[in-house]
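What follows is a single structure, written as structure tokens, with notes after it.
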Amino acid sequence: MTLSDTFLRLDNKLAVVTGAAGIIGSVIARQLQAYGARVALVDIDAERLDAVEAETPDRQRVRAFRCDLSDAEAITSTVAAINAWNGGIDILFNNAATKTEKLERFFDPVDEYSLETWREVMAVNADGLFVMARECAKSMRRQRGGSIVQTASIYGAMAPDMRIYEGSEYLGRQINTPPIYAASKGAVIALTRYLAALWASDGIRVNTISPGGVSSGQNGVFHEKYRARVPMARMAEAREIADAALFLASPAASYITGQNLMVDGGLSIW
């Protein structure tokens, strides 16, 4: 084991991962477990959540908890169940987000964007994220320490290049970057700074990761146009987002809080 591996170790830690059934969440859950953590998998998709749990190498150190993250009471009871299972929470990867069940409404143009869709997205991306952080922090304060890593997006910190979306599709439909996506992810970054200042005296670090584009069903037009905007000339891999999350969660980042780490291949420097 190298010195760097030692500083990344999470032995005897309990990590909560929301959105654990998703592309990034499932990878970070495996990464945290590989570095010694016990992992509570949280997601609304029970079938996929069970599959992620079943794929875990050490089933004794992982447990699935189905939770609707738009429901504050469900979050509170889920966190209580996680505490009962483990006796405390050390790490939260606050990653869950939604495109809603009506995908066509999520990608509506601004002139037609409904407040119903707006509020449905905010209920998970901002409200649920806040409640989960609040509830997990109660356990962390009792233990006098913890690390919260929240998933935002490059588009929470910078405007999208609309030219990328001309002719671009996601799962066979025309796409854009909706205004609610930018607004909700910008809220994550602002909340991170607020909570980092609030809870620093409790030994709780709060940071954000803002991933660049990760391949997840976009067509070739999107890939080509997106890569042309990135200095490293490619999209991100889920593993690279997981590596950044592991770093921020670990003792290697012990003097880092309130930061937004852009994991974007350099896109935001142009």
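Read-outs: derived from the displayed coordinates by stated rules, not from any lab. Note that the structure is predicted; figures quoted are calculated from it, not measured. A quick note on method: Cβ atoms are made from the backbone with ideal geometry, for glycine too, and the neighbour counts reach across all protein chains shown.
Between residue 215 and residues 5 or more places away or on another chain, which pairs have amide H atoms under 5 Å apart, with H built 1.01 Å from N, and which residues are they?
Here the answer is 236, since their amide H atoms fall under 5 Å of that of residue 215.
In debye, nearest 20, what is the charge dipole magnitude of segment 1-67 about its Cα centre with +1 on Lys and Arg Cβ and -1 on Asp and Glu Cβ, if you could check?
220
With +1 on each Lys and Arg Cβ and -1 on each Asp and Glu Cβ, and nothing else charged, work out how big the dipole of segment 65-182 is about its Cα centre, in Debye to the nearest 20.
Around 720 debye, computed over segment 65-182.
From the square roots a ≥ b ≥ c of the eigenvalues of the alpha-carbon gyration tensor of segment 133-196, which class results: rounded (a/c under 1.5), prolate (a/b over b/c), or oblate?
Prolate shape, in that a/c is at least 1.5 and a/b is the bigger ratio.
Sort the chain into rounded, prolate or oblate with this rule: let a ≥ b ≥ c be the square roots of the eigenvalues of the Cα gyration tensor; rounded if a/c is under 1.5, and if a/c is not under 1.5, prolate when a/b is larger than b/c, oblate otherwise.
Prolate shape, in that a/c is at least 1.5 and a/b is the bigger ratio.
Under 8 Å for C-alpha pairs, at least 6 residues apart: give me the relative contact order for the chain, rounded to a whole percent.
Relative contact order of the chain: 20 percent.
Under the Karplus relation 6.51 cos²θ - 1.76 cosθ + 1.60, θ = phi - 60°, what is the ordered set of whole-Hz ³J(HN,Hα) values for segment 116-130, x standing for Gly and Pro?
Those phi angles translate into 4, 5, 3, 6, 5, 5, 4, 4, 9, 5, 10, 4, x, 4, 5 Hz.
Which far-off residues, 5 or more places away or on another chain, put their amide H under 5 Å from the one on residue 261, with H placed in the peptide plane?
Residues meeting the criterion, in which the H sits 1.01 Å from N, are 208, 209, 210.
Among the lysines, which have Cα under 23 Å from the Cα of residue 225 when same-chain residues fewer than 8 positions away are ignored?
Excluding near neighbours in sequence, the set is 99, 185.
Name the long-range amide H neighbours of residue 205: under 5 Å, sequence gap of 5 or more, or other chain; modelled H, no Pro or chain starts.
Hits under the 5 Å cutoff: 146, 147, 148.
Jot down the radius of gyration and Dmax of segment 13-136, Cα atoms only, both in angstrom.
For segment 13-136, the Cα-based Rg and Dmax read 15.1, 50 Å.
How much FRET efficiency would the formula 1/(1 + (r/R0)^6) give for residue 227 and residue 193, where r is the Cβ-Cβ distance and R0 is 35 Å, rounded to 0.05?
The calculated FRET efficiency here is 0.65.
Could you check the spin-label model distance between residue 169 and residue 243? Points 7 Å from the Cα along Cα→Cβ, value in nm.
With each label point 7 Å from Cα toward Cβ, the separation is 3.3 nm.
With the dipole of segment 99-258 worked out from charges on the C-beta (+1 for Lys and Arg, -1 for Asp and Glu) around the Cα centre, which of 167, 155, 145 lies farthest toward the positive end?
Result: 145, furthest along the dipole toward the positive end.
Using the Karplus equation 6.51 cos²θ - 1.76 cosθ + 1.60 (θ = phi - 60°), what ³J(HN,Hα) coupling, rounded to whole Hz, does each residue of segment 142-148 give in order, writing x for Gly and Pro?
Values per residue, Gly and Pro as x: 4, 8, 6, x, x, 9, 10 Hz.
Apply the Karplus curve 6.51 cos²θ - 1.76 cosθ + 1.60, θ = phi - 60°, to the phi angles in segment 33-45 and return the couplings in whole Hz, x for Gly and Pro.
Computed from phi, the couplings for segment 33-45 are 5, 4, 9, x, 7, 7, 10, 9, 8, 10, 6, 7, 7 Hz.
Evaluate the charge dipole of segment 163-258 about its Cα centre and quote only its size in Debye, nearest 20, assuming +1 on the Cβ of each Lys and Arg and -1 on the Cβ of each Asp and Glu.
Here the size comes out at about 200 debye.
With the dipole of segment 1-77 worked out from charges on the C-beta (+1 for Lys and Arg, -1 for Asp and Glu) around the Cα centre, which of 32, 7, 21 lies farthest toward the positive end?
Checked the options; the winner is 7.
Between exposed trypsin sites (Lys or Arg not before Pro) in the chain, where DSSP calls loop and at most 14 other Cβ atoms lie within 10 Å, what's the longest gap?
1-101
Mind checking the full-extension length gain between residue 35 and residue 158? Use 0.36 nm per residue of separation minus the Cα-Cα distance, one decimal, nm.
Extra length available between residue 35 and residue 158 comes to 41.0 nm.
Can you give the FRET efficiency to the nearest 0.05 for residue 7 and residue 66, using r as the Cβ-Cβ distance and R₀ = 35 Å?
Rounded to the nearest 0.05, the efficiency is 0.55.
Once you sort the root eigenvalues of the Cα gyration tensor of segment 228-270 as a ≥ b ≥ c, which label holds: rounded (a/c under 1.5), prolate (a/b larger than b/c) or oblate (the other case)?
oblate
Please state the Cα pair-distance histogram of segment 152-247 with 5 angstrom bins from zero: what percent is in each bin?
Values per bin, smallest distances first: 3, 12, 18, 21, 20, 12, 7, 5, 3, 1.
Put a dot 7 Å past each Cα toward the Cβ at residue 252 and residue 45; how far apart are the dots in nm?
Calculated label separation equals 2.8 nm.
FRET efficiency for residue 59 and residue 111, Cβ-Cβ distance as r, R0 = 41 Å, nearest 0.05?
0.25
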